[in-house]
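Scroll down for the structure; my scribbles are underneath it.
The values are calculated or read from the model by the stated rules, or taken from the named source; none is laboratory data. Fair warning: this is a prediction, and the values are worked out from it, not measured in the lab. Don't worry about glycine lacking a Cβ; one is built from the backbone with ideal geometry, like all the others, and counts go over all protein chains shown.
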Amino acid sequence: MMKRKRKLKVINMLTPEDMTYLDIAIHKSKISAFLNEVPKHRIHIAEFKEPKDKSAHHIRREHKINDDTEMIQHKINEIEESIIYFFQKLEIDPKKLSKPELDKRIFFEVTSVNNAIDILHEKATNEARRIRAYYNTLDKYEKELKLNKMLRQIYSWVATYSATKIAFEWFNLLEFRLFYMNSSEFVDMEVVLEHDELPIVLEYKEISDDITAFFMIYFKEHRQSINEICHGASELTDFKDHFDDFGVNLDTIDKEIHFAKERLIKANESIQKVKNEALRFRAYMELLENIKKYELIEIQFRESYGSEIVRMEAFIPTKNEEFICNSLDKKFHNYIRIAARVIKRDAISNEKHLTTSKLIGTDSEDYDYFTDRSDSDVSSSSIPSLIKPKKIFKPFQLLTRLYGTANYSELDPTSLVALTYPLLFGFMFGDIGHGLILCTVGLVLIFLNRSDKENSMYDAGFLFIWLGIAATGAGALYGEFFGFPLAYAEHLGFNPMHEIIPVLKIFVLVGVAHISLGWLLSMINFIQKKRVFLAIADPFLKILILIGGTIMIFTYMFEISAWVAPPYPILLPVIPTLLFVIVKPLGRIFGIKYLQKDSVGELFGEQALDLSETYLGIVSNVASYSRLLALSLVHMSLMLVFTTIADIILENEFFGDIVVVSIVLVIGNIFVIVLETLMAGIHALRLTFYEFFGKFFHADGVPYSFTTIDSDFSSIEFV
């Protein structure tokens, strides 16, 4: 009895958690309050799908409770633009802002998602508009200040020619004009003036690196020509206002410069105050993300004709069913009805997997039709899988998620991958020193990401430690330390460089065990679905074929005459092969229900085809594990190249230098570690995905997901 419990415990560790389906009907007035409860109880909200069978009296609209999606999206876009503008314009990284104390967070109390969007839109866009005004003022007076400073320099320069207001009035036949322009363009203009040979007086001064001021005195009759030549210059037409009878008068322009400086100081002070309020915009960013999440929940509600009741479908872990349902009942008793039904795993493929409804909430007839839900409406493809491997195995979810998510009715292989993947990797990457380096890399990744343990890089750190330990163990078995053989290695007889055939046999046996484990898990999948006959007729017989063939070949090699001589070892694979062909048709004859859809002839044909694929698969799959030997030889050979180079350098005294040797070995080890980590990782993943997962893992499941609401900078509550 104790042994059985242990087995069940192991299977439970590999199985997604039991799920309960919730058919929720709630009054419209309570939708907002219900939104508070979804993230609190980590409820998986099902995406809305129109049911196959509709009641004649209670046909649901294919209709969201809010049709104004375009306006909502427009406001959300404007809020995002305002937030982005704030952080980009003020050059603030929102990720580097420290969290405020709880009582200093921005608190939003709203009546609905739309209400939350409206309030946030008003606040964010108004404040962004105010910031734009500050920067427009800053830009305006910076330009004015720059211009007035330049004009002051120009007028002061003109004054050096003893210019007065009276002096400008002396020009009668001649004309005096003052300009400034880009310095490079001024050079081009000079060339044109020299070419035209107009009788003019031209004086100029470089006001700055890129601006040149100049004045021209010429006969008025040449005005048209001068206009054409100076078309790229800016003319100062009111310069006479800054001169009096005694010369230049800069009081006016000095006042304008002073005024511009004052306005710039005020604008900068206002911008600095806004910078000090960066936490508010960080809170707006968080609020917007949370509002989007609530909106995704809200749009799954659907209305009904002639009713104020709306409906939503959800999933929760069965172990939490009583607590969650009671909590919702307590909060919304007269305004909600929940039909909770546990989803049976053992008959899921028949689409008859819902237990009898457990009704919670109001007894009002308005809610009745919502509980009339058929099994076919809740398809197995929509049932989420909640997989929680033990912490020690969690890093390997990075690998299994690359393949997919276990569906609700199959085993999740993460815990097993935590044992098999490092083993395969270690055999290909066996070196004590290199394994310790990988462990060090893992520790560094963990240390750098210790503040965010949900970061994938944090898990990657532990993954590197696992792989490093496996590589160190294999290295100890091979007797390799940074490419140098250890003395005891000769006595172990497990070095791939010297014992190729024995090591190859061991790796083939590893492959046979790995493939058999995959079929064993396929058996468990069948048994969990109450299809014990198929578990025996398919994966179990394949295991017997593989193991029987392995025993025969390893014992008698390829001496075919020995196979058919007493004690007839060929029977080891042949007997399960014959059984494989006939067992399913026999099951059909003896009335196995799930085999009745096919005829006996069809089952014979199906099994014959499957048998040929099985034999081809066994040959190719087992052969694939020879890559364990190939990659281990590549790893050792590369290290041998660099250690040999180091030896050659030391043997030649004229350039033998311990520094040069050290550099060669360091660079060589780094190169091999990076290259072989990548190669061994990819090939171990290939063996895991194709040879192992292909036997039992469909990975077509839906991950159990729930809304998480961030509250580091803000708090939002629906009332």
Those helices (runs of 4 or more DSSP H) lying entirely in the stretch 105-210 with at least 3 residues under 43 Å from the mean Cα position of the chain (by Cα): 113-159
Residue 684 vs. criteria small (Gly, Ala, Ser), outside any loop (DSSP other than H, G, I, E, B) and touching a residue at least 40 places away in the same chain (Cβ under 8 Å): yes
Condition met for residue 632 (assigned to a helix (DSSP H, G or I) and either surrounded by 14 or more Cβ atoms within 10 Å (Cβ to Cβ) or β-branched (Val, Ile, Thr) (or both)): yes
Positions within the stretch 245-291 being part of a helix (DSSP H, G or I) and of a type in the set (S, T, N, Q), in sequence order: 252, 268, 270, 272, 290
Any hit, the stretch 351-366, residues being in a strand (DSSP E or B) and at pLDDT 90 or above: no
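Results for (1) under 30 Å from residue 549 (Cα atoms); (2) modelled with pLDDT of 90 or more; (3) buried (at least 21 other Cβ atoms within 10 Å of the Cβ), shown as yes or no for each residue.
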site	(1), (2), (3)
450	no, no, no
460	no, yes, no
464	no, yes, yes
474	yes, yes, yes
486	no, no, no
498	yes, no, no
508	yes, yes, no
Some residue of the stretch 701-717 being at pLDDT below 90 and surrounded by fewer than 15 Cβ atoms within 10 Å (Cβ to Cβ): no
Set 398, 411: member being in a helix (DSSP H, G or I), of a type in the set (A, V, I, L, M) and either assigned by TED's automatic domain parsing to the domain that holds residue 479 or buried (at least 23 other Cβ atoms within 10 Å of the Cβ) (or both): 398
Residue match in the stretch 551-572 (condition: surrounded by fewer than 17 Cβ atoms within 10 Å (Cβ to Cβ), assigned to a helix (DSSP H, G or I) and of a type in the set (S, T, N, Q)): yes
